[in-house]
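The next block holds one structure in the form of structure tokens; read it before the comments.
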Amino acid sequence: MRKQSMWKRSFVAAVFTVSAIAAGVAHAADVAKVGSPAPAFTATDLTGKSRSLADFKGKYVVLEWHNQSCPFVKKHYESGNMQKLQTELTGKGAVWLSIISSAPGKQGFVTPDEEKAYLAEQKAKPTEVLFDPEGTVGKAYGAKTTPHMYVIDDKGVLIYAGAIDDNPSSEAADAATAKNYVRAAFDEASAGKPVTTASTAPYGCSVKYKN
Amino acid sequence: MVAMRGAGSGGRETRDRFRRACGRLGLATVLLSTTALPARAVMVAAKHVDVELVADVAAAPPGGAFRLGVRFVPEKDWHVYWRNPGDSGEAPRIDWTLPPGLTAGALEWPAPERIPAGPLVNFGYAGEMLLAAPVTVAADVATGAPLDLKAQAKWLVCNEDECIPGGATLALKLPIGTGDPAAPATARLFGATRERLPIALPAGWRVTARPDGGRVALVVDGTPPPADGAAFFFAHDREALDPSAAQALSREANGFRLTLTPRSTVPPALAGVLEIGARAYTVETKVAASAAALPFVPIAFAFLGGMILNLMPCVFPVLALKALGLVGLGGEARRRVRRHGLVYAAGIVVSFWILAGILLAARAGGAELGWGFQLQSPAVIAVLAGLFFWMALVLLDVVTVGGSIMGVGQHLTTGDGDRAAFFTGVLATVVATPCTAPFMGTALGFALGQPAPIALAVFTSLGLGLAFPYVLFTYVPALARHLPRPGAWMETLKQLLAFPLLATVAWLVWVASFQGGPPAVAAILIGLVLIGFAAWVAGRFSGGGARVAATAAVAIAGLLALRITPLDAPPAPEVTAGATAFAWEPFSPARIAEARAAGKPVFVDFTAAWCVTCQVNKKVALETSEVEAKMRELGVVAIRADWTRPDEHITRALQEFGRDGVPLYVLYSGKQNDPPRILPQILTPAIVIGELEKLEPLELKASELTSDADAHRSTRSATRSAAHGGEIEWRST
């Protein structure tokens, strides 16, 4: 029976080795990835105050990359599609952050007052508009287009990234007939279901990042 | 061509007013006067782009066909888009309105350009573009009046800063006639466009795609890589690939491959345009390892490799002991032994699955790992060193475990052997790990790049190969009969087998010294002393106290091992300060880019201390005076990418070459666009020098050439100078 104990010890050593290997494997990435915690960020709002993603802990958060002069953004605002979604989701307790990553001098870069006037004119209802002139937030999320949409669940996990809907056109009339991915992701996740379409190719104008 | 300012051409306000008037998008409608000349259209000057409807015939042939297209001429720095616009933008759309008898086919998209916009990449056309479709004309088409052809075009035209949607209803009056060619300028446009249309793959070419980790390998068989290294795959589907991801080109046995990056998950199929140099080809392929492509060769090699592992210093002692246990067994015992052989094989295979599973899962989670990752952690190295040391002490009879080897066979027949056999398999796998990485890293790296089922098949085959010799012994008594009679020699052999294990321990400590520095070495050595103490206590005394003391000593050794942390900074790069004083530089993508930009050839040695093949190549080939002299002569920048410790930059660089392990030897010529050449895994000075001599003599200064009296070299330089004038053919080695 002492023979047996040698194998036992060897087994302990083997398990020990395998667990050490497993421990060495754990890595954490710091870029937005669907299914992983959404990267933290801080940016200034319309009043010049610093706002962080952490301020909205425990709530669903929708991120909308925004550029009011982009034809694709106009499509969704001039058709009223974006406002409808904003009202609907914020009404269900979600936080809506419109993020402007246009650099100074580039299309879509606006002052807080210009943006306020735009929101009033369009009757837009984001929870906050955040300014990201350095493009830090945009790059952390890999935002490519305006609009580029993200949904973060109440546990801070990114559950959707991509296009606003399934019709990548710049025509306002298409917004009404398209399947809206953001609404679908929010509805499924808040009903405790897995998100069917969690990642799509965004469409729109390029984000006008700083050179 | 009559150019006319259309309604869409006014200032912004005019346009906005017009847009409101026309509803969405602002459709500029240009109506032609009915007195237009045959086949004449009017160019619409919209914002930042002129558009026009054109046909490749002066008159449409009844019963024949012609091409009808919309010509886009964007302003300088503006562009329109391909069918897949890339990261942003939108493809133009054309709706035809044709008279009865005319039918338009699908739009023919010329191969696009890649248009960068900051970090993004769009696919489109920065210059004149013709988007045409074939139109068939019925034989009985009404011939009374010219054909009234209309196209409603919508587009998005962008520069780097803004995008403007546009639209126009374009018209063309085309007489009916014999199908004479259009005016020369239009004919030239159609001709030039035809050159840019993707064509079918030439006979003998084959394009396949397979998943490669999280990426897709698009393999082009039957043609060498383009001389200028320029190849790109444009996917039709926006969702399929990340437009801004680089597509690394690497040479394959019978062609080359591009490594493509999906948007999110690997698509089930790829359709698109493969651009190679100036030509574009239509490609459509499933992304899967088809049944025919099941890699029997790697699976067979894995089996063979597994068998060879039995002879490695880490594994041989374990296996030899098991084989010795078979000596002199007969009848009943033999049946049980067979069963245990199979259970042992199961233990091995399951352990390999666990290792492969950990790695595949970690990579699916985005970790930058390759095979050999187990040996990049000094804690793992320390635990392995301790395990081997313990086993050596057992073999040397410092600890007595269950009497003599001769008893093993009998012991296995006594009922509780299944578990023991299984864990022997686990043990064999664990002790084999340090040997798989150095000797089989590349094969396993290949396996890990395959879809999970194939990867597991390769690992299974490896495990079966490792188990095979022992299982064979249990099944073929004739083989066992060839073993010598049992006797005292078995004790001697058993003790002798401790020394390969101790040699492995010495090697592991050396490896750990690179990863954790002197603190790691100290911790491992103290751990080994503790293990030695535990073995002595266990062997010398019996009873509870001894067991507690031995267990405590081993536990402390284990804690020491786990507390070893990798050094923050890598140790100073190994610089050989020999007579040649040739300097290897540490790996840096920026340094490689800089040297290549300066037109210098670059040699990269991907290596690791734990990679035995790498170490052998280094000593035998790379760090020889003749190779270093040749490198100095040619001004080669020598880079050493040391993967002894985890380094995600190096892992990524390896993946760009489709590798997941070391060694890898890459040689960039001084020319920017030459694809890098990959050297074989086993190097000799002649191989390296042969490859170096294929470099162009750009770095050779005239003075060097003339002052060198070596006739041989002058001749060779002349040959290379001659080659410089013409096409350089890259030969695979």
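What follows is calculated from the coordinates using simple rules that are stated; it is not laboratory data. As the structure is a prediction and not an experimental result, all values here were calculated from the model. FYI the Cβ positions are ideal-geometry reconstructions off the backbone, even for glycines, and counts take in every protein chain you see.
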**Complete:** Expressed in angstrom and rounded, the centroid-to-centroid distance over alpha carbons for the stretch B:44-93 and the stretch A:56-98 is 35 Å
**Under Karplus coefficients 6.51, -1.76 and 1.60, residue-wise ³J(HN,Hα) of the stretch B:604-610 in Hz, glycine/proline x** = 10, 9, 8, 8, 7, 4, 7
**Message:** Tell me which trypsin sites (Lys or Arg not before Pro) from the stretch A:171-211 have a DSSP coil assignment and no more than 13 other beta carbons within 10 Å of their own.
**Reply:** A:K179
**Item:** Reach of B:K630 by Cα under 18 Å, taken over lysines that are not fewer than 8 positions away in the same chain
**Value:** B:K600, B:K618, B:K619, B:K694, B:K701
**Prompt:** So what are the ³J(HN,Hα) numbers for the stretch A:55-63, from phi and the Karplus equation (6.51, -1.76, 1.60; θ = phi - 60°), rounded to whole Hz, Gly and Pro as x?
**Reply:** 4, 10, 3, x, 10, 6, 10, 9, 10
**Request:** Mind telling me which of A:A161, A:A185, A:A176 comes out most flexible in a GNM of chain A, alpha-carbon contacts under 10 Å?
**Result:** A:A176
**Item:** the stretch B:206-292: equivalent-ellipsoid semi-axes (sqrt of 5 x gyration tensor eigenvalues, Cα, Å)
**Value:** 18, 15, 12
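Sort B:F473, B:F533, B:F352 so the one with the fewest other Cβ atoms within 10 Å of its own Cβ comes first.
Least crowded to most crowded, the residues run B:F533, B:F473, B:F352.
May I ask you to derive the relative contact order of chain A, considering only C-alpha pairs under 8 Å and at least 6 residues apart, and to give it as an integer percent? Let's see the in-between values first.
Working: 392 pairs, mean separation 55.7, N = 211.
With pairs under 8 Å counted, the relative contact order is 26 percent.
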**Prompt:** When we measure straight from the Cα of B:K322, which lysines land under 16 angstrom away, once same-chain ones fewer than 8 places off are left out?
**Reply:** A:K3, B:K494
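B:S588 to B:A522: FRET efficiency via 1/(1 + (r/R0)^6), r the Cβ-Cβ distance, R0 30 Å, to the nearest 0.05?
Working: r = 31 Å, r/R0 = 1.04.
That pair, B:S588 with B:A522, gives E of 0.45.
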**Request:** Just list whichever of A:K33/A:K84; A:K49/A:K193; A:K33/A:K123 have alpha carbons separated by over 29 Å in the model shown.
**Result:** A:K49/A:K193; A:K33/A:K123
**Message:** If amide hydrogens are placed 1.01 Å from N in the peptide plane, which non-local residues have theirs closer than 5 Å to the one on A:A173?
**Reply:** none
**Message:** Nearest 10 degrees is fine. How inclined is helix A:81-91 to the longest principal axis of chain A, computing both from alpha carbons?
**Reply:** 60 degrees
**Request:** Indicate the gyration tensor shape class of the stretch B:599-644 (rounded, prolate or oblate), computed on the Cα atoms with a ≥ b ≥ c the square roots of the eigenvalues: a/c under 1.5 is rounded; otherwise a/b larger than b/c is prolate and the rest oblate.
**Result:** oblate
**Prompt:** For the stretch B:86-101, in order, what is each residue's ³J(HN,Hα) by Karplus, 6.51 cos²θ - 1.76 cosθ + 1.60 with θ = phi - 60°, in whole Hz (x at glycine and Pro)?
**Reply:** x, 5, 9, x, 8, 6, x, 10, 10, 10, 8, 10, 10, x, x, x
**Request:** Give the cross-link partners of A:K210 among the lysines, using a straight C-alpha distance below 18 Å as the criterion and excluding same-chain residues fewer than 8 apart.
**Result:** A:K106, A:K139, A:K144
**Message:** Give the average over all directions of the projected area of the C-alpha convex hull of chain A, one decimal, in nm².
**Reply:** 15.3 nm²
**Message:** What is the sum of charges, Lys and Arg at +1 and Asp and Glu at -1, for the other residues whose Cβ falls under 15 Å from the Cβ of B:A379?
**Reply:** +2
**Request:** With a point put 7 Å past each Cα toward its Cβ, work out how far B:A629 is from A:T47 in nm, to one decimal.
**Result:** 7.8 nm
